[in-house]
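Some notes on the structure that comes next.
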Amino acid sequence: MSGIIEIIFAEFNYWIYVTLMMIGFYAMIAKKNLIKKVIGANIFQTAIFLFYISLAEVKGGTAPILLNGHSGADVAHEAVNEVIYVNPLPHVLILTAIVVAVSTTAVALALIIKIYQEYGSLEEDVILAYRRQLQPEFSEHARQKQEGQQ
């Protein structure tokens with residue numbers, strides 16, 4: 001029994017990431033409110049970010065920064081000591097992904113505002129029922145165009 005507990009605690013951060021991913025996935029699939037779906041997507045993205053950042057960590061590693069300058073003697077000295085550096089690439093990629101996530105969230109919220117102005121609701125069921133009622137013309141713009149032609 002203690003072996004299972006040790007395995008669970010050894011990989012505790014991965015359990016947290018999977019839990020966050022499942023919470024975000026549940027919110028995107030099960031919730032009918034569009035704002036809650038966007039929040040679920042953000043939780044899911046955050047779990048992915050944390051997962052990739054944790055993969056970059058090296059036990060005993062340091063930041064990849066030369067503290068004593070850039071001369072050849074310093075580089076040779078560091079090579080003798082075999083300094084272990086943390087991989088900076090995942091951190092850079094996640095910074096880029098965070099910018100993309102914020103932009104995607106902003107676009108999603110802008111679209112949600114337009115959907116609310118068009119349908120008067122943020123509930124998926126109400127919007128779909130309203131769209132079925134207006135078949136084959138779904139949008140206010142298309143209805144106005146049709147009225148203008150008559």
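Side notes on the structure shown:
- The 3J(HN,Hα) values that the Karplus relation (6.51, -1.76, 1.60; θ = phi - 60°) gives for the stretch 49-65 are, in residue order, 4, 4, 4, 5, 5, 5, 5, 7, 5, 10, 5, x, x, 10, 5, x, 10 Hz. Gly and Pro appear as x.
- Interchain or long-range residues, amide H under 5 Å from Asn33's placed H: Glu124
- Here Lys114 is the anchor, and the lysines within straight C-alpha reach of less than 30 Å, apart from those fewer than 8 places off in the same chain, are Lys31, Lys32, Lys36, Lys37, Lys145.
Only the coordinates and a few stated rules stand behind these numbers; no lab work does. Owing to the predicted nature of the structure, the values given are computational and were not obtained by experimental measurement.
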